[in-house]
1. Tell me, which residue of the range 218-257 that is among the aromatic types (Phe, Trp, Tyr) and free of Cβ contacts under 8 Å to residues at least 60 places away in the same chain is surrounded by the fewest Cβ atoms within 10 Å (Cβ to Cβ)?
2. Can you tell me which residue among Ala323, Ala362, Ala379 is in a helix (DSSP H, G or I), at pLDDT 80 or above, within 16 Å of Glu262 (Cα to Cα) and in contact with a Phe, Trp or Tyr (Cβ under 6 Å, 6 or more places away or on another chain)?
3. Restricting to the range 338-355, name every residue that is loosely packed, with under 14 Cβ neighbours inside 10 Å, more than 12 Å from Arg283 (Cα to Cα) and touching a helix residue (DSSP H, G or I) at 6+ places or on another chain (Cβ under 9 Å).
4. Sort out which residues of the range 218-243 are assigned to a helix (DSSP H, G or I), more than 22 Å from Leu322 (Cβ to Cβ) and over 20 Å from the mean Cα position of the chain (by Cα), and write them in order of number.
5. Against the condition assigned to a helix (DSSP H, G or I), over 22 Å from Phe384 (Cα atoms) and under 22 Å from the mean Cα position of the chain (by Cα), how does Val300 come out, does it pass?
6. Out of the residues in the range 177-217 meeting the condition of being loosely packed, with under 15 Cβ neighbours inside 10 Å and closer than 13 Å to Gly164 by Cα, tell me which one is farthest from the chain's Cα centre (by Cα).
7. Is it true that some residue in the range 157-175 is without any contact (Cβ under 8 Å) to a residue 40 or more places away in the chain and within 20 Å of the chain's Cα centre (by Cα)?
8. If a residue has to be surrounded by 14 or more Cβ atoms within 10 Å (Cβ to Cβ) and part of a helix (DSSP H, G or I) to count, how many in the range 308-318 make the cut?
Amino acid sequence: MQVTDAPRRHVSTRQLAWLEREAKQWQDAAIIDSTVRDAIVGQYTAASDARRGMLALILVAVGMCSVGVLLLIGYNWDQIPRAARLALVVGAVAAAFGASAVACARRRLVVAETLAFFGALLFGNAIWLVAQILHIEGRYPDAFLWWAGGVLVSAWLVRSQWVGALGSALVLVWVAAEGELTAAPSPQFLLLWPLALAVAYSLRSSLMVRIVAPAAALWVFFAGINNSHSALWLGSIALAGCAMYSLGRWHEPDGRTRRAWEASGLIVLLLVFIPLMITGVHRDIAPGGGTWLATIVAVVATIAAGAASVRPSRTLADDGVLATAAATAVWTLASWSGLSGSTTGFVIAATVLFSVLALVLAVSLIRTALSTGRVADLAAGVLFAVVFLGVRWTSVIENLLWSGLLLVVAGAGLLAIAQLWRGRAPRAVGRVS
């Protein structure tokens, strides 16, 4: 099996040592031969602890020197001619990326990635400083837009997940800055967000997906914030969270990318369920209203969540999210169209509905965790339970009897969950998590 020219995946020293031990056991058990064992292990590489420590010291030293040089330049900034200032700012970016290209050509991949990361930071610094030097006035979110686009392209060229994570974080910052400034949907998002996802999948970076995926829900949030009295606003955000979770169903069952989409969807649902469980929010919702974007998002997200139901290997948590999507779609349609019947009755019913859905998600995630041993599912289930408890406790906090009983029951429930999790620990021995 020829694998000499295949690109190697970088793992930690501990992971590589584990793989070598496991491959040796497979060979001893006659599952694979020595050729296959060498081919498997040869697909991975890891830097030694000594090399990592040396690299850390170099990065600290370079960082300290860079900050010192910047402070010295800043002290004399006003005395430096404009042309020289431009040359310093632009030259620093060119030098960082040029050195990264040289290191990459010499197969110094760690050095190339580090230099590219510093170059990405200097690129953002250059955007602000060049605007200051040339007295250019503009919309400050545009600076994050161009910064994010440049960093994402750099991440794809250098094949760096850490540079990509920086670009993903900048996409999230840009969405927040643009939304805070305009409270309207920005069409550039339809180009930048898919670009970030394309780079994430190209680099096989679940970290990038975890960072950039919630940006879609944030974009929907700001796009409809001026129509907050419409059920389409909160409904489209909740359905977007369900769609994100459902996108994970199209990936490998235990893959990191699937977990990234599921975690992103659950975070969105956790946040949007807080207002949806409050009676006053439903009382303020009026029929009609909403934006064309919220309508499109609600319809597309409902279709995406429904399409996930055809995928195999569903867990109880998957069923809980699908039930949440269906119930949210019905509530959104009923509230928006005015088919809700009695206003007071519907307000109470909607509050109870989303409170029950929060409990459904909590129970389904905890049950899934107990059957699969996934700590992330257990943590998410407990978080949904705590959010439900917090919202409902504030509604009865003036009544000491009910407030106390609620806390006692909730505490007993958490102790029971802890006991169940402890009881399944012996069955999880030997399981790879």
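The values are calculated or read from the model by the stated rules, or taken from the named source; none is laboratory data. A quick note: this is a predicted structure, and the numbers were derived from the prediction, not measured. Cβ: placed from backbone, ideal geometry, glycine included. Neighbour counts: every protein chain shown.
1. Applying the filter and picking the extreme gives Phe222.
2. Numbers: Ala323 fails: in contact with a Phe, Trp or Tyr (Cβ under 6 Å, 6 or more places away or on another chain); Ala379 fails: in contact with a Phe, Trp or Tyr (Cβ under 6 Å, 6 or more places away or on another chain).
Matching residue, one of Ala323, Ala362, Ala379: Ala362.
3. Scanning the range 338-355 gives Leu339, Gly341.
4. Ile225, Asn226, Asn227, Trp233
5. Spelling it out, Val300 is indeed assigned to a helix (DSSP H, G or I), over 22 Å from Phe384 (Cα atoms) and under 22 Å from the mean Cα position of the chain (by Cα).
6. Ser202
7. Yes, some residue in the range 157-175 is without any contact (Cβ under 8 Å) to a residue 40 or more places away in the chain and within 20 Å of the chain's Cα centre (by Cα).
8. Number of matching residues: 5.
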